[in-house]
Amino acid sequence: MTYRDGTTRDGKAVAWTPAWVLIHTKKESVHEEWVPAPAVTRITREESDWQDPYDVLAA
């Protein structure tokens, strides 16, 4: 996700609508926030700092 000031934050999309995405982040502590969908850029799991052990991966 990219903020208006140009900074980025790595997180996991846990819910979404056409206009908004609920991002779950954990930098210092776990945090969730709704952000505008255009601010979100999808990356691969390997690129992410987020490694959820409960993610279902293709075999």
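The values are calculated or read from the model by the stated rules, or taken from the named source; none is laboratory data. Small disclaimer: the values here were computed from a predicted structure and weren't measured. Every residue, glycine as well, gets a Cβ built from its backbone with ideal geometry; the counts of neighbours run over all protein chains shown. These area figures cover heavy atoms from the full protein model, side chains too; ligands, DNA and RNA do not enter into them. Shrake-Rupley method; radii C 1.70, N 1.55, O 1.52, S 1.80 Å.
Data overview
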{"read-out": "D10 versus H31: modelled label distance in nm, points set 7 Å from Cα along the beta carbon direction", "value": "1.6"}
{"read-out": "Those trypsin sites (Lys or Arg not before Pro) in region 1-44 that DSSP places in a loop and that have at most 12 other beta carbons within 10 Å", "value": "R4, K27, R42"}
{"read-out": "List W34, W50, ordered by accessible area with a 1.4 Å probe, largest first", "value": "W34, W50"}
{"read-out": "Net length gained if the chain between W20 and I43 were fully extended (0.36 nm per residue, minus Cα distance)", "value": "6.6 nm"}
